[in-house]
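Below is one structure; the comments refer to it alone.
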Amino acid sequence: MADARWHRYVALGDSITEGLCDPAGSIALAGDREPWIGWADRLAGILDRDAAISGGGIEFANLAVRGRRVRDVVDEQIPAAIDLGSDLVSILIGGNDLMTPAGDPDKLAAELERGVARLRAAKIDVLLATSFDPQFAFFLKPLRGKAAVFNANLWSIVRAHGTYSLDLWGIREFRDRSMWSEDRVHLTSAGHRVLARHAAHSLGVSYWELPGQPPAVHEAHGSIRTSTWLRRYALPWAARRLRGVTTGDRLPPKLPAPARVAGRG
């Protein structure tokens, strides 16, 4: 029987990888953060079930924190992932950078490549995710050109450094409103499950739904009036930007120490 390919998976990134808007429900989570699960935790569950076929298992750490940017991943999260002895690292980052007027997609990609090169030099496998196609939200559509340039650079990084690629731009399910929460920025539980499934496929790992779990595309989504969205989400976000703060300031990583996976997926 073949050995499992990976034994310690560490997820890096911002609020999407932290798992915002994906309530854990009855799924047991390590740590004392609010009960979000997210695509990376779900992917860890898939990898663990795959490893169990050969008698192994996965340890998982999630270093993602809402509001983080490319420099945070490169300067803080990647060195931590190396120190934790990871053999698989996922990276999904760049959205917060691209939403700023000064966000240069070429410079951001060059900075991210430094971190990817460091991981590969340490013999760590990398799953590198592209940006989502921002046409799903009217207020993000002006960023589509910047996101496309950033993604073009990421594909070059994939080829140059031999990483696995997760093409979020090309996932058609994300054009469905049911994939997005009422804040119109974060994925619903349905969206997180779709992302985890595609991530597993990108790694060449088989995926199956847990018994009793409804298909992701059938999950209902929250929808609110634009005026409510502006008051509840857009204006507070703009105010934080003007003050130079994020909701993740002073927050520690979600799951900073590797732990055995149990009940995720």
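The values are calculated or read from the model by the stated rules, or taken from the named source; none is laboratory data. What you see is a predicted model, and the numbers here were worked out from it, not measured in a lab. Backbone-built Cβ (ideal geometry, glycine too); neighbour counts: all protein chains shown.
Within the set G145, G162, the sole residue that is surrounded by fewer than 19 Cβ atoms within 10 Å (Cβ to Cβ) and on the phi < 0 side of the Ramachandran plot turns out to be G145.
Residue-by-condition table, conditions (1) modelled with pLDDT of 90 or more; (2) within 11 Å of L43 (Cα to Cα); (3) part of a helix (DSSP H, G or I):
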{"position": "W169", "(1), (2), (3)": "yes, no, no"}
{"position": "F174", "(1), (2), (3)": "no, no, yes"}
{"position": "S178", "(1), (2), (3)": "no, no, yes"}
{"position": "E182", "(1), (2), (3)": "no, no, no"}
{"position": "V185", "(1), (2), (3)": "no, no, no"}
{"position": "G191", "(1), (2), (3)": "yes, no, yes"}
{"position": "A199", "(1), (2), (3)": "yes, yes, yes"}
{"position": "Y207", "(1), (2), (3)": "no, yes, no"}
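Residue pairs whose Cβ atoms lie under 7 Å apart, sitting 6 or more positions apart in sequence or on different chains, and linking a residue in region 88-106 that is free of Cβ contacts under 8 Å to residues at least 40 places away in the same chain to a partner that is of a type outside the set (D, E, K, R), are D97/V70; D97/G103; D97/L108.
Looking at this structure, is D50 in a helix (DSSP H, G or I) and surrounded by fewer than 20 Cβ atoms within 10 Å (Cβ to Cβ)? Break it down stepwise before answering.
Working: in a helix (DSSP H, G or I): yes; surrounded by fewer than 20 Cβ atoms within 10 Å (Cβ to Cβ): no.
When the stated conditions are applied, D50 does not pass them.
Taking region 162-173 as the range and being under 26 Å from E113 (Cα atoms) and either free of Cβ contacts under 8 Å to residues at least 12 places away in the same chain or not β-branched (V, I, T) (or both) as the test, the residues that pass are G162, Y164, S165, L166, D167, L168, W169, G170. Taking the conditions (1) under 18 Å from A190 (Cβ atoms); (2) at pLDDT 95 or above; (3) aromatic (F, W, Y) in turn, F60 satisfies each one other than (1).
Test G85 against the criterion of being buried (at least 22 other Cβ atoms within 10 Å of the Cβ) and at positive phi, and give yes or no. Explain how you work it out, then say what you get.
Working: buried (at least 22 other Cβ atoms within 10 Å of the Cβ): no; at positive phi: yes.
No: the conditions fail for G85.
Condition (residue is at pLDDT 95 or above and not in a helix (DSSP H, G or I)) applied to region 135-151: is it met by at least one residue? Among the residues of region 135-151, not one is at pLDDT 95 or above and not in a helix (DSSP H, G or I), which makes the answer no. The conditions of being of a type in the set (F, W, Y), more than 21 Å from I37 (Cβ to Cβ) and either modelled with pLDDT of 60 or more or crowded, with 16+ Cβ neighbours inside 10 Å (or both) are met by W229.
Going by the conditions given, is A117 within 27 Å of V185 (Cα to Cα) and outside any loop (DSSP other than H, G, I, E, B)? Quick ask: steps written out before the conclusion?
Values: within 27 Å of V185 (Cα to Cα): no; outside any loop (DSSP other than H, G, I, E, B): yes.
Considered against the rule, which asks whether it is within 27 Å of V185 (Cα to Cα) and outside any loop (DSSP other than H, G, I, E, B), A117 comes out as no.
May I ask you to verify whether D87 is modelled with pLDDT under 95, touching a Phe, Trp or Tyr at 6+ places or on another chain (Cβ under 6 Å) and not polar (S, T, N, Q)? Taking the combined requirement at face value, the residue does not satisfy it.
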